[in-house]
Amino acid sequence: MKPETVEFLTAGLRPLNCRACGTCVLVKKNSVQHTSIQWTTDASRSCPVFAERKASGAQTALLDTCGNLSDSIDAALKDGLLEVPE
């Protein structure tokens, strides 16, 4: 992969642990509505919500996140650990 492609895909990503299960992901807010999440582990093994959905037969590849991680991202924004660019 070209260095500029890697920079585009990874710039601004910050590690964030889910407050519910501790799973670490990389997160970047691109706007109020748009959040980039890069999973650093197999979500169906590290996130109990993804694991439950996989066990029930759901396609976890179609899931962006779980409510617990969304809440953790919102809390990180409120705490100033993540910022929305202007």
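The values are calculated or read from the model by the stated rules, or taken from the named source; none is laboratory data. Owing to the predicted nature of the structure, the values given are computational and were not obtained by experimental measurement. Cβ: placed from backbone, ideal geometry, glycine included. Neighbour counts: every protein chain shown. Side chains are part of the model used for accessible areas, which takes the heavy atoms of the whole protein and leaves out ligands, DNA and RNA. Shrake-Rupley method; radii C 1.70, N 1.55, O 1.52, S 1.80 Å.
Some values worked out for this structure:
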| quantity | calculated |
| --- | --- |
| Test: residue in region 30-37 that is touching a Lys or Arg at 6+ places or on another chain (Cβ under 7 Å) and of a type outside the set (Phe, Trp, Tyr) | yes |
| Residue in region 35-47 that is in contact (Cβ under 8 Å) with a residue 24 or more places away in the chain, in a loop (DSSP other than H, G, I, E, B) and not hydroxyl-bearing (Ser, Thr, Tyr) present | yes |
| Residues being open to solvent by 50 Å² or more (accessible area, probe 1.4 Å) and either hydroxyl-bearing (Ser, Thr, Tyr) or more than 19 Å from residue 8 (Cα to Cα) (or both) - total across region 34-62 | 14 |
| Qualifying residue in region 18-28 (condition: more than 11 Å from the chain's Cα centre (by Cα), on the phi > 0 side of the Ramachandran plot and open to solvent by less than 50 Å² (accessible area, probe 1.4 Å)) | yes |
| Residue within region 3-16 that is of a type in the set (S, T, N, Q) and surrounded by 13 or more Cβ atoms within 10 Å (Cβ to Cβ) present | no |
| Inter-residue pairs, beta-carbon under 7 Å, first more than 21 Å from residue 19 (Cβ to Cβ) and in region 53-74, second surrounded by 14 or more Cβ atoms within 10 Å (Cβ to Cβ), 6+ apart | 54/44; 54/60 |
